[in-house]
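Input: a single structure, listed below in structure tokens.
Only the coordinates and a few stated rules stand behind these numbers; no lab work does. Predicted, not measured: the structure shown is a model, and the values here were computed from it. So basically every Cβ, Gly included, is an ideal-geometry build from the backbone, and we count neighbours across all protein chains shown.
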Amino acid sequence: MIRWGLGLVLAACVSGVVSAQQAADAVAPEAASETGFATLSPEISAALDAKAAGQPVVASDWMVAAAHPHAVQAGADVLRAGGTAADAMVAVQAVLGLVEPQSSGLGGGAFLVWYDAESGEITTLDGRETAPLAATPRLFQDAAGEPLKFFDAVVGGRSVGVPGTPALMQAAHDRWGTAAWSGLFEAAVGLAEDGFAVSPRLAASVARDAERLGRYPATAAYFLPGGEPLAEGDTLRNPAYAAVLRRMSDEGAEVFYGGTLAQDIVTTVRGVEDNPGVLAAVDLAIYAVKERPAVCAPFREHAVCGMGPPSSGALTVGQILGMLDAHEVGAVDDPQTWRRIGDASRLAFADRGRYMADSDFVPMPTEGLVAPAYLDERAALLAGDDALPKVTPGNPEWDHAMLWADDESLELPSTSHISIVDSYGNALSMTTTIENSFGARLMTNGFLLNNELTDFSFRSHREGVPIANRVEPGKRPRSSMSPTIVLKDGAPVLVIGSPGGSRIIGYVAQAIVAHLDWGMNAQQAVAMGHAVNRFGTYDLEEGSSVAALQPELEALGYKVSVRGLNSGLHAIAVGRDGLTGGADPRREGIALGE
């Protein structure tokens, strides 16, 4: 058996995938009781070994890939018992909110993309948080109208939007679930009551954020018991979370949107003395998950489908790939290939900053942004040999005047992603978040509340022109989450997504290119080094083979930054021979299937 820590180090040395620090953060199965994954089943250990060796997990019937072995195990148990991908998602999310609370949970929101095997249709559900009705465009401005500093806005009640994840879990199960709702919470309740071992990533996250976590009593008591940060291997119990899950299993997700639990959320948000929010009971009572039209873009005779506004993910990923589709496949080690990818991304991000927001509140040229003629027009800009000296938004076709100023919202990496294919052929891709690590740092009833409202632009106008992604009452902030299902001849071939702030878009687009253009399997595609260009600077992942591109990209005219790039990609490839899964070696997740 390959030892996990050593195996990942060897894999990193061979493939140039992860940095030394990321390899040092790996988890050893034989030391699981000390590193957060106590009482792992043999199949989990096998999945960890496969990931360490850089091999995809192979299955013929079903598969789940997510950010923590306990969560994956919960989903696998549901799928093995005949549940659907929607059933398994509920179990996975319930566990993730316990063992990976810094990234997602019941106090956050999510976007879900569903492929229905029976109908062949793609459906997308928007479980994004909403701004309170009392929020105004100046929510994140000081008395002089200047934007607040980021963490001055994040920490406390001001940044909290109405949680959407519980409602999304319920909505997905109501549509596509077959297993009993109440049974889907058993794994999470058991772990919350009996305790689980704190993982290396959770311990490191708590240590890095100890000062902010220590500002509020309930949060401090949980993450800093006795005044000290949780340590790797500590047994952590959360009876309050178990009690909430029991209520949710008995009464449904509506317990979050009315009654005592909703009032606890409101009291927590409004009761923060240093930075209170404006959330009210009515905001929770009127929340609704929304079905949105899927956004699909062409790439290499495939359809790349995902979540439309208020997510910018599918549009921006689709634009990048749509522009690349006009050009021949480039070699993975050719700087010109990366020039085209980098400038296609810059062009897409320019459009994203100008046009993309919640389309319920601002008119958006959604169809125009991925129209073939428009993508061909933008793709023509990639025909040169050097980096584009200047990138500006384009002029997609639409039926409204273009009166939006460029956005300047800040999205920092956090979030989590779940990919599932069930035995019936259904596929689910869901990206789930509380925004910044540990969200608003406010805890109630055993779960953290989001800081999702800071995904809005802090400025409302620029030179008198309104910004599309400004704060408005009831509006959903723009997101970069990019849950994606790639189709060929109407059937899924890849189910993928990632955390990572606005770099999510680059991570997902690159992995799709790696799989379809460069022939990488699911594990190789999620593990390869990252090269991301959003606004002109080319970010290359330190310790990876792509970092060697620095001098050549600089010669093409780019400013280059070699740095850590912490994605969390989870992918399932669907082929004639079955399913192959990959889990990002930069985090603790795995893929598992049978």
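Applying both filters, DSSP loop and at most 12 other Cβ atoms within 10 Å, to the GluC sites (Glu not before Pro) of the range 432-532 gives Glu463.
At 0.692 mPa s and 37 °C, plugging the Kirkwood radius over alpha-carbon pairs of the range 165-224 into Stokes-Einstein gives what diffusion coefficient in µm²/s?
Details: Rh = 14.4 Å.
The estimated diffusion coefficient comes to 229 µm²/s.
For Thr84, nonlocal amide neighbours, meaning residues 5 or more places apart or on other chains whose placed amide H falls under 5 Å from its own, are Thr178, Ala179. Working from label points 7 Å from Cα in the Cα-to-Cβ sense, the Asp376 to Thr537 distance is 3.7 nm. Gain on full extension, evaluated as 0.36 nm per residue between Ser119 and Ala180 minus their Cα-Cα distance, stands at 19.7 nm. Relative intensity of the range 129-211 on a log10 scale, I(q)/I(0) at q = 0.11, 0.13, 0.14 Å⁻¹, equals -0.60, -0.79, -0.86, per a Debye sum over C-alpha point scatterers of equal strength in the absence of solvent. With Cα atoms as the point set, the range 303-395 shows a radius of gyration and Dmax of 13.2, 43 Å.
Normalise the Cα radius of gyration of the range 256-342 by 2.2 N^0.38 Å (N = residues in it) and let me know the number. Numbers along the way, then the final one.
Working: Rg = 22.0 Å, N = 87, 2.2 N^0.38 = 12.0 Å.
The value comes to 1.83.
Shown in residue order for the range 339-352 are the 3J(HN,Hα) couplings computed by the Karplus curve 6.51 cos²θ - 1.76 cosθ + 1.60 at θ = phi - 60°: 5, 5, 4, x, 6, 4, 5, 4, 5, 5, 5, 5, 5, 4 Hz (x for Gly and Pro). Both radii come from the Cα set of the chain: Rg as radius of gyration, Rh as Kirkwood radius; their ratio Rg/Rh reads 0.94.
What order do you get for 228-239, 186-197 when each peptide is scored by the mean count of other beta carbon atoms within 10 Å, highest first? Each step should come with its number before you reach the end.
On the way: 228-239: 16.6, 186-197: 20.1.
Per-residue mean Cβ counts within 10 Å order the peptides as 186-197, 228-239.
At an R0 of 35 angstrom, the distance between the Cβ atoms of Glu552 and Lys488 translates into a FRET efficiency of 0.60. Sequentially through the range 288-298, phi angles give Karplus couplings (6.51, -1.76, 1.60; θ = phi - 60°) of 8, 5, 10, 7, 10, x, 5, 9, 10, 10, x Hz, Gly and Pro residues having no value and appearing as x. Backbone N atoms of the range 349-377 closer than 11 Å to the 7 Å Cα→Cβ label point of Asn395 are not found in any residue.
For the chain, the mean residue ellipticity at 222 nm estimated from helices alone is -10000 deg cm²/dmol, where every DSSP H run of n ≥ 4 contributes -39500 (n - 2.57) and the total is divided by all residues, rounded to the nearest 500. Derived scalar couplings between HN and Hα for the range 462-469 equal 9, 6, x, 9, x, 8, 4, 8 Hz in order, rounded to whole Hz, by the Karplus curve 6.51 cos²θ - 1.76 cosθ + 1.60 (θ = phi - 60°), x for Gly and Pro. The alpha carbons of the range 512-594 occupy a box of 47, 27, 21 Å along the principal axes, longest dimension given first. Distance from the alpha carbon centroid of the range 247-293 to that of the range 148-210 works out to 14 angstrom. When the inverse distances between all different Cα atoms of the range 165-316 are averaged and flipped, the Kirkwood radius reads 18.8 angstrom. Taking a straight line from the alpha carbon of Lys559, these lysines sit under 25 Å away, with near neighbours fewer than eight places off in the same chain left out: Lys390. Fully extending the segment from Arg237 to Val282 would add 13.0 nm, taking 0.36 nm per residue of separation and subtracting the current Cα-Cα distance. Between Asp142 and Glu273, the simple label model (points 7 Å from Cα in the Cβ direction) yields a spacing of 2.3 nm.
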